[in-house]
Each structure stands twice: as C-alpha cells, then as structure tokens.
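Values in this text are rule-based calculations from the coordinates and carry no lab data. Predicted, not measured: the structure shown is a model, and the values here were computed from it. Don't worry about glycine lacking a Cβ; one is built from the backbone with ideal geometry, like all the others, and counts go over all protein chains shown.
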Amino acid sequence: MQAAHVKRAFKYRFYPTDAQAAELSRTFGCVRKVYNMALAARTEAWTLRAERVNYNATSAMLTAWKKTEELAYLNDVSSVPLQQALRHLQTAFTHFFAKRAKYPRFKSRKRSRRSAEYTTSAFRFRDGRLALAKMTEPLDIVWSRPLPEGAQPSTVTVSQDAAGRWFVSLLVADPGIKPLPCNGSAVGVDAGLDHLLTLSTGEKITNPRHERRDRARLAKAQRELSRKAKGAGANRAKARHKVARIHARIADRRRDALHKLTTRLVRENQTIVIEDLAVRNLLKNGHLARAISDAAWSDFRSLLEYKAQWYGREVIAVDRWFPSSKLCSHCGTLQDRMPLHVRTWTCEGCGTTHDRDVSAANNLLAAGLAVSACGAGVRPQRRIPGGQSAMKQEPLRREP
C-alpha cells in the first residue's frame with residue numbers, strides 16, 4: 001500500500017456564528033428528511049412491487065421533490081449533503097443485502113447523529129480557512145493539531161453531538177502513515193473487566209471504569225431530567241443538555257484512553273492476537289452489561305484493526321469458542337469448569353498454578369500463531385488420562 005493513498009480523517013471542534021448554526025441546523029434537518037423519504041420510497045417499492053430502487057432513482061426523486069410546493073425548502077440548502085445522504089443510504093442497503101448489517105432505519109430527530117457531508121464542489125479550503133456552501137464566512141475552527149503539509153480535503157463532514165458541541169472532520173491523504181519496521185514481536189491479549197486487558201507478557205492494564213467515575217453525577221442529572229415535564233420547555237432542554245455533557249465527557253475519556261492503548265500495542269508488536277468476542281450477546285447479561293459497555297471492547301478492536309492495517313501489523317481474532325480460560329497453557333489439559341470468580345487455579349494435570357487472565361492470553365497467543373503459521377488453530381476437545389488432552393485441528397477465524 002502506498003502511504004499517499006491512506007485516507008485519514010482529522011476531527012476538530014469549531015464555533016459557528018448564529019447564522020452558520022442556523023444554516024447547518026437547516027441542512028441537518030433537510031438531510032434527515034431526504035434520507036427518510038428515500039428509505040420509505042425504497043421500502044414501499046420492495047414491499048408492494050418487489051422492486052429494487054437504486055441511488056440514481058432516488059436522485060431523480062429528489063429532483064422531483066424539490067419542485068413541489070411542500071418540499072421547496074430543500075432548495076434553500078446546499079444540494080451536495082442531500083445527494084450524499086442518498087449515497088449513504090445506498091451504502092446501507094449494499095451492506096444489508098450482503099448480510100453485513102441490519103435493514104436501514106429511519107433517522108430520528110432526537111436520537112440520530114446530526115451531520116452533513118460536503119464534497120469538494122461544496123466547500124473551499126485555502127490557507128487553513130474552510131468555508132462551506134451557502135455561507136459567506138469561514139468556520140472558526142480550533143486547529144488542535146496540524147493537517148499534513150499540503151493536504152487538501154476530499155470530503156468535509158460537519159456534525160453536532162448531543163451535548164451541543166460542533167465538529168468538523170476533514171478527510172485527507174496522509175503521507176505520514178507508513179508501515180513500521182518488522183520487529184517479529186507477538187502478543188496475546190485477553191479482555192476483561194477487573195483488568196481491561198491482560199497481555200501474554202504478564203502485564204495487566206487497569207480498567208479505568210470511566211462511567212463509574214461519573215456515575216453519581218450522571219444519576220443526579222438523570223433524576224433532575226426525569227422530574228421535568230416532557231415537551232418543549234426550556235428547563236427540560238437544559239436538563240437533557242446537562243446529561244448529554246456528562247455522557248460526552250465519559251465518552252471522550254474512554255476514546256482517548258483506547259487510542260493511546262491501541263497505538264502503543266501496534267507500535268510495539270508485529271502480531272496481536274485477540275479473542276473474537278460477541279459483545280452484543282454479552283450485553284444481554286443484566287449484571288455485567290454496564291461494565292461491559294463501559295469497557296468498550298468493540299471500539300478497542302475497531303481501533304486496533306485499522307491502525308494495524310495502516311502500519312503493516314497483523315491482528316488475528318481467535319474463535320470465540322476457544323476455551324482459553326479453561327486450558328492449561330503449560331501442558332494443554334482442559335479443565336471441566338472455570339467460574340468467573342476463580343482468578344487463580346492449579347492444573348490437575350501438571351500442577352502448574354496459573355493466573356487465569358495471563359494463562360488465557362498465552363493460550364490466545366499460541367492459537368493465533370498457529371493460525372498465522374498454517375491457517376488452522378488447535379482446540380482441545382476432551383481430557384484423557386495422564387493429564388493430556390486430545391487435540392483436534394479446526395479452522396479459526398483470521399482477520400485481515
């Protein structure tokens with residue numbers, strides 16, 4: 001992969017003027033309206049006539065909608081974000097038909113992310129100043145980090161989070177992203193709750209528990225919100241905004257910690273082996289759902305995988321049914337049971353005493369290296385006399 005071809009998004013906070021905020025709010029509303037109307041049209045066409053409607057057809061619909069008196073206000077905003085909304089809907093359907101995602105959902109005024117995407121024809125970026133279509137003044141952006149020298153954005157995405165903060169994301173080619181020198185180092189990573197991660201080297205990374213730090217403050221703010229009557233009252237809006245700010249602070253801390261952690265793992269190791277956890281199923285556990293959600297294992301894996309791809313590293317995901325916690329990393333004996341409260345155990349076969357998480361990380365590493373070497377992993381199936389275990393060759397999932 002050529003470094004110049006790596007696309008990277010740089011996200012910054014900005015502070016719009018009243019006129020810019022009003023224009024962007026109108027754009028967000030129109031984007032949501034067009035997306036929902038196109039989704040309804042495509043759903044109706046398939047349900048009633050078994051007809052698939054593509055992007056070109058919805059684009060023609062948009063042209064017709066703009067000519068009606070009822071939807072004439074769509075002409076007041078830039079047409080590019082509206083067309084991009086239709087392209088995003090087409091992508092959502094492509095993922096659905098490929099069975100990579102669920103059926104597209106309608107965008108909600110309150111629950112959906114407010115955003116609009118502009119391509120090169122709808123913005124001007126010159127001398128570090130960004131101006132969007134339909135706006136006379138450039139955005140007041142806080143350049144918290146520099147863009148790559150000479151970078152020209154290919155797309156610009158403007159968004160507003162639930163806490164009312166405005167962000168702009170610029171997608172540019174970053175020539176600074178290059179494969180790192182191969183160091184031959186490999187590490188197994190076991191995710192947990194007592195410790196966020198345990199490495200096969202024996203290192204344990206503390207779980208920051210970001211949500212727990214603000215739990216009392218969040219609960220108080222949510223109680224205040226629940227006492228406000230539902231409606232358009234200013235007091236309820238203030239209370240909702242207060243809750244959103246606390247959630248945003250928690251999410252910011254969590255994201256920052258995960259970025260630092262994944263960057264370190266990718267820089268230090270050539271091969272990283274993780275477990276293919278079904279986080280969505282784990283969240284159904286009513287006792288652990290809050291802690292699992294706060295640990296953000298899915299986000300950790302996502303960040304790890306794209307950074308590994310950037311820097312020429314390899315991430316291997318071992319099958320979720322691999323009994324890494326019940327397997328002796330010394331002799332291979334498979335234990336019958338391993339309850340969650342057991343953190344240290346002694347192997348019945350060889351007498352080795354294991355730290356549960358460190359042993360699991362070592363087992364993941366061994367299975368991952370087997371995948372890397374021959375495309376198959378070793379999964380113990382049953383115990384046999386003498387402290388040994390019968391082994392069966394089974395394919396393990398390997399991530400690119």
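List the lysines whose Cα sits under 27 Å from the Cα of LYS110, skipping any in the same chain fewer than 8 residues away.
LYS11, LYS33, LYS66, LYS102, LYS134, LYS220, LYS228, LYS230, LYS238, LYS242, LYS284
What percent antiparallel are the DSSP beta bridges of the chain, to the nearest 5? Could the numbers behind the result be given before it?
Numbers: 43 of 51 bridges.
About 85 percent, rounded to the nearest 5.
Can you compute the equivalent ellipsoid semi-axes for the range 169-242, i.e. the square root of 5 times each eigenvalue of the Cα gyration tensor, sorted largest first and rounded to whole Å? Mind showing how you got there, number by number?
Details: eigenvalues 372, 114, 11 Å².
Three semi-axes, in Å: 43, 24, 7.
What percentage of all Cα-Cα pairs in the range 101-165 are separated by more than 14 Å? Write down the numbers at each step before the final one.
Working: 1431 of 2080 pairs.
That tail contains 69 percent of the Cα-Cα pairs.
Kindly rank 131-139, 308-316, 101-109 from highest to lowest mean number of other beta carbons found within 10 Å of each residue. Spell out each step's value before the answer.
Numbers: 131-139: 16.2, 308-316: 20.0, 101-109: 12.4.
Output ranking for 131-139, 308-316, 101-109: 308-316, 131-139, 101-109.
Quick check on the chain: helices-only [θ] at 222 nm, where DSSP H runs of length 4 and up contribute -39,500 (n - 2.57) each and the sum goes over total residues. Nearest 500, please. Please list the in-between numbers first.
Numbers: 10 runs with 158 residues, N = 400.
Calculated mean residue ellipticity at 222 nm is -13000 deg cm²/dmol.
Listed highest first by mean packing, meaning other Cβ atoms within 10 Å per residue, what order do 288-297, 32-41 come in? Display every interim value, and only then the final one.
On the way: 288-297: 17.2, 32-41: 19.3.
Result, highest mean Cβ count within 10 Å first: 32-41, 288-297.
Provide the gained length on full extension for the span LYS102 to HIS241, in nm with one decimal, where the gain is 0.36 nm per separating residue minus the Cα-Cα distance.
Working: separation 139, 0.36 × 139 = 50.04 nm, distance 3.02 nm.
Here the answer is 47.0 nm.
State the volume of the convex hull built on the alpha-carbon positions of the range 1-55, expressed per residue in Å³ and rounded to an integer. Intermediate results must be reported in sequence, preceding the final value.
Details: hull volume 7.9 nm³, N = 55.
Expressed per residue, the convex hull around the Cα atoms of the range 1-55 is 143 Å³.
Let me know the charge dipole size of the range 3-173 about its Cα centre in debye, to the nearest 20, where only the beta-carbon of Lys, Arg (+1) and Asp, Glu (-1) is charged. Can you show the working numbers first?
Working: 29 positive and 13 negative charges, 165 e Å.
Dipole of the range 3-173, to the nearest 20 debye: 800 debye.
Relative contact order of the range 3-173: what whole-number percent is it, with Cα pairs under 8 angstrom and at least 6 residues apart? Walk me through the numbers before you get to the answer.
Numbers: 218 pairs, mean separation 58.8, N = 171.
Relative contact order, the range 3-173: 34 percent.
Restricting things to alpha carbons, tell me how big the range 282-326 is in terms of Rg and Dmax, in Å.
13.5, 39
How big, on average over all directions, is the shadow cast by the Cα convex hull of the chain, in nm²? Working shown, then result.
Details: hull surface 99.9 nm².
Directional mean of the projected Cα hull area for the chain stands at 25.0 nm².
What is the Cα coordinate range of the range 3-173 on the first, second and third principal axes, sorted by size from largest, in whole angstrom?
Principal extents (largest minus smallest coordinate, Cα): 52, 42, 30 Å.
Out of VAL80, VAL156, VAL53, any idea which swings most in a Gaussian network model of the chain, alpha carbons joined below 10 Å?
VAL53
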